[in-house]
Structures are given as C-alpha cells and as structure tokens.
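In what follows, a single structure is set out as structure tokens and then discussed.
The values are calculated or read from the model by the stated rules, or taken from the named source; none is laboratory data. Only a predicted model underlies this, so the values are computations on that prediction, with no experimental measurement involved. Please note: Cβ atoms are built from the backbone with ideal geometry, for glycine as well, and neighbour counts cover all protein chains shown.
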Amino acid sequence: MPAPPAEALAETLRPLTDAPQQAAVFCDVDGTLAPIVERAENAAVPEDTSRLLGRLGRRYGCVACISGRSVAEARRMVAVGSIAYAGSHGAELLEPSATRAAIVPAFSTWTGRVHDFAAQYDVRELRLLRIRLEDKGPIVAFHWRGAPDEDAARTRLEGIAQEAEVAGFAIHWGRKVLEVRPPVPIDKGQAIRELVSRHPVRAALFGGDDVTDLDGFAALVTLREEGRLESIVRVGVRSEEGPREIHEQADLVVDGTSGFAEVLTALAG
Ligand SMILES: [Mg+2]
C-alpha cells in the first residue's frame, strides 16, 4: 500500500483536527517515534518529532506516549514535559502535571518477584550470547537484537520463557525481545482506556508498530462500540519485522517513523 496522499491523510484525521480540544493523540515510542536501532538504549526520538509533540500537547485534549519502556525512560527519550506518558505497557502512568508516576498496585506488588527471577539469569552464559537484561520496574526484558547468533539466543530464551511460565509469570514476545511480567492483565489498551476516562475527548488516534500496539487498536474499537468515543483512527506503522496485523487492522498505514512524523505534522495543522 503506498503512502496516503496528503488530502486523504487530512480527511482521515479530520475528526481530530476539527475539534482538537476534544481529541486525544496516543502513540507508541520505539518504532513509531524513534527509529529501531541495534541497541535499545541508543534509540532516540528526532528533535523535530519532539517539537511536534510539544505543539500537539498545547492543541489537543490529551497527548500521550504509550511505551513498553518505563515512563522515566520514555520521557527521557521523547523529552517533552507537557504531555502524558504511560510506561511498562500501561503499568505506570505519568500525567503532565504529576511529578511522580503512578504504578498500578496489582503490578507493583510483583516487582520484587520479577527481579528475583531475572537475577538468576544475569549470568556469563547469557552475556556470551549477547542477551541483555533491561530492568523496567515490574517487568524485565531480555533483548537479543544484535546477538552474533540470534537463533542460539532465541532458543535459550525459549527455555527461560518456559521457566518463567512455570514460575507463574506472564511472558511476552516482541521485536527481538522477551519480557517477563507479572501475571496481571495490563496492556497498552488499558492505558488508553485509563487516559480516555481522565480526559473529556470524543475522538482518539493511536499509532503503533508492534504486537503490543494491537491491544491499543482493540481498546479504541471497544471505546467506540461503547459510545465513549465517536471517532477513532488506528495508525499502523509498517516495518519489515513488524506483525502483519498492524497493517491489517489499521485505518491508516504509514511507512516507518518518518511516515508517522507526517501524521503528527498533519495533526499540528
Ligand atoms: Mg513499538
């Protein structure tokens, strides 16, 4: 599918741009705002994109970045203080006016147990495979992007995933990452529901590139079915390694982070 022409894009976004104070703009961070790079810690949001988000924050009823990273990480990367952040797939929420993130209590009680589980894998064997552990508060992520033998790394992590499940944790596979999470139903969709409940918006857009973003798409559909939202726009950010469902379920498909930046530009008017 070619990129949408400017007029078609403007038409799709009209429910938001016509009444921005009653509209919400939600977006994923990695792969949507920030290009995917070999090492997750080197990912960065382009300055122009941050500036656009700052402008949108002044114009729209609610603007939020919804990330698998911790809110602290997401805000450091995006570097806009005037918008909201939902981190760890919605387990943490940071409103623009708040100084501290709120953690969903059902989640925070598991933090110690998740850390104890991960600690046993912080070993030389995994480092040799170049599997990197990331502490995301109540979630621990095992990254294998850039491993010299990706198949070996993936196979080892399949073993860890099994052990995590046996130990009672939830697991989640993303783009070259395995996450071990509390067995509590938390996802980006719930973050969107929470944000919509806090802001009097009638239209909402969510842009994402990966499996976890499908929960965000689904939440928008449910909110519209419930009559809570009148209009929704699901923006699928296409990438080579992203799941097919991202474009299948999207109302609008764009190519990579630059394609999504064009959507932000159109929203800024
Ligand atoms: Mg992403």
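Worth a mention:
- Residue satisfying all of: in the stretch 174-207; part of a loop (DSSP other than H, G, I, E, B) and either within 15 Å of the ligand (Cβ to nearest atom) or of a type in the set (A, V, I, L, M) (or both); modelled with the highest pLDDT among these: VAL201
- Scanning the stretch 56-81 for residues that are part of a loop (DSSP other than H, G, I, E, B) and within 15 Å of the ligand (Cβ to nearest atom) yields SER67, GLY68, ARG69, SER70.
- Scanning the stretch 1-42 for residues that are under 14 Å from the mean Cα position of the chain (by Cα) and not β-branched (Val, Ile, Thr) yields PHE26, CYS27, ASP28, ASP30, GLY31, LEU33, ALA34, PRO35, ALA40.
- Hey, ALA250 in a loop (DSSP other than H, G, I, E, B) and among the aliphatic types (A, V, I, L, M) or not: yes
- Among the residues listed as ARG69, ARG59, ARG39, the single one being under 22 Å from VAL196 (Cβ atoms) and at pLDDT below 95: ARG69
- Taken over the stretch 132-170, residues that are part of a strand (DSSP E or B) and either assigned by TED's automatic domain parsing to the domain that holds THR212 or over 18 Å from PRO185 (Cα atoms) (or both) amount to 6.
- Matching residues in the stretch 111-131 - criterion: being surrounded by fewer than 20 Cβ atoms within 10 Å (Cβ to Cβ) and either in a helix (DSSP H, G or I) or in contact (Cβ under 8 Å) with a residue 40 or more places away in the chain (or both): THR111, GLY112, ARG113, HIS115, ASP116, PHE117, ALA119, ARG124, GLU125, LEU126, ARG127, LEU128
- Residue check, GLY31 within 16 Å of the ligand (Cβ to nearest atom) and at positive phi: yes
- Considering the conditions (1) in contact (Cβ under 8 Å) with a residue 40 or more places away in the chain; (2) out of contact with any Cys (no Cβ under 9 Å at 6 or more places or on another chain); (3) within 16 Å of the ligand (Cβ to nearest atom), ALA44 is excluded by exactly one of them, (1).
- Within the option set GLU245, GLU240, being assigned to a loop (DSSP other than H, G, I, E, B) and either free of Cβ contacts under 8 Å to residues at least 60 places away in the same chain or touching a Phe, Trp or Tyr at 6+ places or on another chain (Cβ under 7 Å) (or both) holds for one residue only, GLU240.
- Number of residues in the stretch 208-237 that are within 16 Å of the ligand (Cβ to nearest atom) and in a strand (DSSP E or B): the value is 5.
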